[in-house]
Amino acid sequence: DGALLGDLMRRLVWMVSLALAVGSGPVLAQDDGDDSPQAAAMRQQIETRFGAQIQQVLGLTDQQAVQLRATLGVYGPKRRAMEREERAIKQGLQGQLRPGVAANADSVARLTDRLLALKVSYAQTFVDEDRELAKFLTAVQRAQFQVMRERLMARIEEIRQQRQQQRMQGGAGAGPPP
């Protein structure tokens, strides 16, 4: 449950980044497999709110909104794929680095090298995305977009951490007394 919520919140960060463009349902499909009515309602609510907010705050024309949605639709899926790969690599590393188990040095080296290369590629997607945004957004619009995305991501991370703390506190007293 905790891993699923963490996964959902990470997906939500990217979902919302895309939603900021102006609600694009198919582009916002999550990779976490949560097709519940609650998840669908949450996605729709985020798309609607942030789509309207980004268009208003940035003062986007209809053409800019279409271009922004298309650009984010290219880079969002790339980053989600990289996030999935990063989770798989980290699981592989955790498996190798278990206490009391001898790690395979070659495997750890390959996984570590791939993780670092992936992080560089992930960061590069933001550079490439911004280069595309510069083709149809003004410098001020791009800066506003980046600020709004960062604030939103920070807020979502804050909520995720609060929920994780609540689960930990709630779970601590849930078992039978010692």
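Below is a table of values for the structure above.
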{"item": "Segment 84-119, subset open to solvent by 80 Å² or more (accessible area, probe 1.4 Å) and under 19 Å from the mean Cα position of the chain (by Cα), residue farthest from THR71 (Cα to Cα)", "result": "GLN91"}
{"item": "Condition broken by LEU133, with the remaining ones in (1) more than 15 Å from the chain's Cα centre (by Cα); (2) surrounded by 12 or more Cβ atoms within 10 Å (Cβ to Cβ); (3) over 26 Å from ALA70 (Cβ atoms) satisfied", "result": "(3)"}
{"item": "Inter-residue pairs, beta-carbon under 8 Å, first open to solvent by less than 40 Å² (accessible area, probe 1.4 Å) and in segment 145-161, second among the small types (Gly, Ala, Ser), 6+ apart", "result": "ARG149/SER17; LEU152/SER17"}
{"item": "Scope segment 125-152; condition modelled with pLDDT of 95 or more and of a type in the set (D, E, K, R); matching residues", "result": "ASP128, GLU129, ASP130, ARG131, GLU132, LYS135, ARG142"}
{"item": "Test: residue in segment 104-112 that is modelled with pLDDT of 90 or more and within 22 Å of ILE46 (Cβ to Cβ)", "result": "no"}
{"item": "Number of the exception - ALA52 against (1) closer than 23 Å to VAL127 by Cα; (2) modelled with pLDDT of 50 or more", "result": "(1)"}
{"item": "Where a residue in segment 67-91 is over 14 Å from LYS135 (Cβ atoms) and aliphatic (A, V, I, L, M) and its partner, wherever it lies, is open to solvent by less than 20 Å² (accessible area, probe 1.4 Å) and part of a helix (DSSP H, G or I), with Cβ under 6 Å and at least six apart", "result": "MET82/LEU118"}
{"item": "Where TYR122 falls short, out of the listed (1) at pLDDT 95 or above; (2) farther than 19 Å from PHE145 by Cα; (3) open to solvent by 50 Å² or more (accessible area, probe 1.4 Å)", "result": "(2)"}
{"item": "Verdict on LEU118 being in contact with an Asp or Glu (Cβ under 6 Å, 6 or more places away or on another chain) and in a helix (DSSP H, G or I)", "result": "yes"}
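The values are calculated or read from the model by the stated rules, or taken from the named source; none is laboratory data. What you see is a predicted model, and the numbers here were worked out from it, not measured in a lab. Note: ideal-geometry Cβ built from the backbone for every residue, glycine included; neighbour counts use all protein chains shown. Protein only, heavy atoms only, side chains kept; ligands, DNA and RNA dropped before computing areas. Shrake-Rupley method; radii C 1.70, N 1.55, O 1.52, S 1.80 Å.
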